[in-house]
Each structure stands twice: as C-alpha cells, then as structure tokens.
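Peer 1: Would you mind keeping the following structure in view while I ask a few things?
The values are calculated or read from the model by the stated rules, or taken from the named source; none is laboratory data. All of these numbers come straight from a predicted model, not from anything done at the bench. Cβ atoms come from the backbone with ideal geometry, glycine included; neighbour counts cover every protein chain shown.
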Amino acid sequence: MPIEGDLWAVVADAPLDRFAGEQLQEDLQDVEAISRHAVAHAAVIEFFFRGAPVIPLKLFTLFSSDERLREHLQSRRTRFRRLFGELRGLEEWGVRVVVGQVEHDAAPSLKSGRAYLQVKKRLNDQNAAPSSSAMKDANSALKRLGRMASKLRKDAFPPAARGRPFVSGASFLVKAARRNQWKTEVATLTAALANRGHRLEVTGPWPPYHFVSG
C-alpha cells in the first residue's frame, strides 16, 4: 500500500472473526498459536528485506481500515524516513557467548568417571560465579565484533546460577557490504573462544528487529 512517495506499507487482511475479541485473546494465551503468527509475520518481513530496507512493526499491529493505517503512518513519516536513512544497507546479527559450554558439551564423552566428575564440578563452580578471565573472554569478543558494527545493542540474559552457564550477547547492525569480513571475524573468534572452553553462537542476517523500537 503506498503511503507517500517511495514509502510503502506491507499489509494483509485480518478477518474480525480471527483477530478481534475473544478469538484474539484466546490466541494470546496459546503459545503455539502465537508461534504460528510470529513465524508468518517474520517470513513476510524477511522476504521484503531481501530487496529493500524494512522497518518491522510489532506482531498483532492491527488497524480497523486501510485509511486508519495510512493516517497513522503519514503522521510519523518524518521519523520513518529518518529511520530508513539510518538503516539503509545494514543488517542485524545476533551474537551470544556461552562461557564454559564447549567443555560442558564434551564432558559426557569422557571415558574416566573421575575426569567427568572433575569437569562437572568445575563447570558448576563456574556457572555459579564466572571467573573474571571468563567474563573478559566474552566481553572482549563482543567488543571486537562491535568495532565492525555501525551500532550494537547489548542483550539481557539471566545471571549465572548453579546449573546455568554465564551468557553474554548483543545484537549488531553491520553493513551488508562487509558481510564477508564479518563472517571471517566471527569464524576467528569462534575458534579462539572454543580453545578457551567457550561457545560463540551467531544468527543472521536479519532485518533490524532490535533497532526500530520506540
């Protein structure tokens, strides 16, 4: 749907018998139903993101008519155009570092029961209170990747606790033109962290989900 000039909205019909009143409230209480809607919503966003900058709106953003949608977007067109200018040519990558996870994954394969118990005890101790060197490993990796990004947003994870590893991570906006350099740096850090017993997990590229809120 055209809004103004080259500003368009991607829309779909939302039948009232499925997206209003009691039926919508039932879906909001159903994890599987929300998951189906979320997957479909993301698929549309990511399809259009392949060819143009996209500003994702929240799941279940509903309007009573096309005209109400047009009025809403036109009243915010200045902000949307500023966002498009900031996001053009950028893609989002998600990164997290799981401290001690490589050793944790390898523990069940140890042939010696004594060695297995020693590893499990050490990991439990680390999970309860990660060492300063382990936290430095994680933060240094995120800092190195941050140098390649136009913007980053730290992600919040639950604190480490007994039986739960320390996790640190962030979302990064990276120039699409630097994707190969980004992947090379990720591969280098993945190997370096694995040598120190940590696991680096990366997802993307995505539309800028974490950089359009507010």
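Peer 1: Among the residues of the stretch 50-81, which ones are among the basic types (Lys, Arg) and surrounded by 15 or more Cβ atoms within 10 Å (Cβ to Cβ)? Lay out the reasoning, then the answer.
Peer 2: Step one: of the stretch 50-81, the residues among the basic types (Lys, Arg) are 50, 58, 68, 70, 76-77, 79, 81.
Passing the criteria: only ARG70.
Peer 1: Restricted to the stretch 82-127, and to residues that are modelled with pLDDT under 90, farther than 20 Å from ALA194 by Cα and of a type in the set (D, E, K, R), which residue is surrounded by the fewest Cβ atoms within 10 Å (Cβ to Cβ)?
Peer 2: The qualifying residue surrounded by the fewest Cβ atoms within 10 Å (Cβ to Cβ) is LYS111.
Peer 1: Anything in the stretch 1-17 that is part of a helix (DSSP H, G or I) and surrounded by fewer than 10 Cβ atoms within 10 Å (Cβ to Cβ)? List them, or say none.
Peer 2: The one that is part of a helix (DSSP H, G or I) and surrounded by fewer than 10 Cβ atoms within 10 Å (Cβ to Cβ): ASP17.
Peer 1: Another question, then. Of all residues in the stretch 46-85, which are out of contact with any helix residue (DSSP H, G or I) (no Cβ under 8 Å at 6 or more places or on another chain) and under 25 Å from ARG179 (Cβ atoms)? Steps first, please.
Peer 2: To start, the set of residues in the stretch 46-85 that are out of contact with any helix residue (DSSP H, G or I) (no Cβ under 8 Å at 6 or more places or on another chain) comprises 46-52, 57-58, 61, 64-72, 74-79, 81-85.
The answer is GLU46, PHE47, PHE48, PHE49, ARG50, GLY51, ALA52, ARG82, LEU83, PHE84, GLY85.
Peer 1: Kindly provide the set of residues from the stretch 187-197 that are among the β-branched types (Val, Ile, Thr) and either assigned to a loop (DSSP other than H, G, I, E, B) or exposed (fewer than 15 other Cβ atoms within 10 Å of the Cβ) (or both), ordered by number.
Peer 2: Across the stretch 187-197, the qualifying residue is only THR188.
Peer 1: Determine if the stretch 80-89 includes at least one residue that is closer than 28 Å to ALA156 by Cα and among the aliphatic types (A, V, I, L, M).
Peer 2: Scanning the stretch 80-89 turns up at least one residue that is closer than 28 Å to ALA156 by Cα and among the aliphatic types (A, V, I, L, M).
Peer 1: Does the stretch 59-70 contain at least one residue that is touching a strand residue (DSSP E or B) at 6+ places or on another chain (Cβ under 7 Å) and at pLDDT 90 or above?
Peer 2: Yes - at least one qualifying residue is present in the stretch 59-70.
Peer 1: Mind listing just one residue for me: the one in the stretch 18-49 that is hydrophobic (A, V, I, L, M, F, W, C) and loosely packed, with under 13 Cβ neighbours inside 10 Å and, of those, nearest to PHE80 (Cα to Cα)? Quick ask: steps written out before the conclusion?
Peer 2: Pass one, the stretch 18-49, residues hydrophobic (A, V, I, L, M, F, W, C): 19-20, 24, 28, 31, 33-34, 38-40, 42-45, 47-49.
From what is left, the residues that are loosely packed, with under 13 Cβ neighbours inside 10 Å are 28, 31, 38-40, 43, 47.
Details: LEU28: 28, VAL31: 31, ALA38: 23, VAL39: 24, ALA40: 23, ALA43: 21, PHE47: 20 Å.
For the stretch 18-49, the residue satisfying everything is PHE47.
Peer 1: Just the residues that are part of a helix (DSSP H, G or I), surrounded by 17 or more Cβ atoms within 10 Å (Cβ to Cβ) and among the aliphatic types (A, V, I, L, M), please, taken from the stretch 165-186.
Peer 2: VAL186
Peer 1: What's the number of the condition ALA52 fails, among (1) within 18 Å of LEU173 (Cβ to Cβ); (2) hydrophobic (A, V, I, L, M, F, W, C); (3) modelled with pLDDT of 90 or more?
Peer 2: (3)
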